[in-house]
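Inspection log for the structure reproduced underneath, given as structure tokens.
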Amino acid sequence: MICFLLFATIISFYLAAKKECSKGSSTHSKFFEINYGKTNTRFFVKESYDLSSDPCEKMSNQKFRMLYKKYTLGQDVEHIIDTANSEPDLEKCDKNIRGNLILANHIWNTQIGQLCWKHVKDEKSTVYGEIFLKAMHNVRQCCSKSQPNSPTTDDTDIQVAIVLGYLFMSGIIFLVVVGGIVNIIACISQILRSWGALHEPIHSSDSDYDFDDNKKL
């Protein structure tokens, strides 16, 4: 498989989810276990997720924080869909868009970043609810808009196979043509030699001359 695309992810201040879940790894953050459904502690600032704005707008953490200054105390700019090691089909998509950013509790954001994506996805789905689904949709939709003509892996493999097939057939045709030319040249050469042999003058030998002279005598 030929890979021709390299994607540089921008890591936020805290680690993104781990790629693989190790055996016996935690399924939830401690912050979640202590607070979810038990206290009034806010996991995120709902007001910082603006559904009326352009979800595909490129957005840095600093720019996003400036939009919600009054909420930033104790909050981090959080990527709902992690910038790395999240959904495999979104690996090469830009997660730094407004429709994927939200202000989240600093402690929770730090702890959940230590989990593997499977558990992060479960916990975020529980905490964010519809916002999580919306963010997933935004990343996927904005990705398709920014790269409308980018070939998929399957398309690339098909294109490579076509090129290789074309080169193979071109090579066969070339060999056939060259072989045909060589055969034609050989035939022409043989014809010319045969033609020359037919028109070569016949010279009488000395013995034949003597024989004729004796016959005359």
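The values are calculated or read from the model by the stated rules, or taken from the named source; none is laboratory data. From a predicted model like this one, the values you see are computed outputs, not experimental measurements. Every residue, glycine as well, gets a Cβ built from its backbone with ideal geometry; the counts of neighbours run over all protein chains shown.
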Review point. Of the conditions (1) modelled with pLDDT of 95 or more; (2) of a type in the set (Ser, Thr, Tyr); (3) surrounded by fewer than 16 Cβ atoms within 10 Å (Cβ to Cβ), Tyr36 fails just one. Which one is it?
Key: (3)
Check your understanding: What pairs come up if the first residue lies in the range 112-134 and is among the charged types (D, E, K, R), the second is part of a helix (DSSP H, G or I), and their beta carbons are under 7 Å apart, counting only those six or more places apart or on different chains?
Key -> Glu123/Phe32; Glu123/Ile112; Lys124/Phe132
Exercise for review: Tell me which residues, restricted to the range 36-68, are under 16 Å from Glu123 (Cα atoms) and without any contact (Cβ under 8 Å) to a residue 12 or more places away in the chain.
Suggested key: Gly37, Lys38
Review point. Which members of the range 39-56 meet the condition of being surrounded by 15 or more Cβ atoms within 10 Å (Cβ to Cβ) and outside any loop (DSSP other than H, G, I, E, B)?
Key: Phe44, Val45, Ser48
Practice item. Could you list, in sequence order, all residues of the range 66-121 that are touching a Leu at 6+ places or on another chain (Cβ under 8 Å) and not small (Gly, Ala, Ser)? Key: Tyr68, Tyr71, Thr72, Gln75, Asp76, Val77, Glu78, His79, Ile80, Ile81, Lys92, Gln114
Review point. Under the condition of being more than 14 Å from Phe31 (Cα to Cα) and of a type in the set (Val, Ile, Thr), which residue from the range 87-146 is surrounded by the fewest Cβ atoms within 10 Å (Cβ to Cβ)?
Key: Ile131
Point to revise | Residues of the range 57-74 classified as surrounded by 14 or more Cβ atoms within 10 Å (Cβ to Cβ) and either over 25 Å from Cys93 (Cα atoms) or among the hydroxyl-bearing types (Ser, Thr, Tyr) (or both), total | key: 3
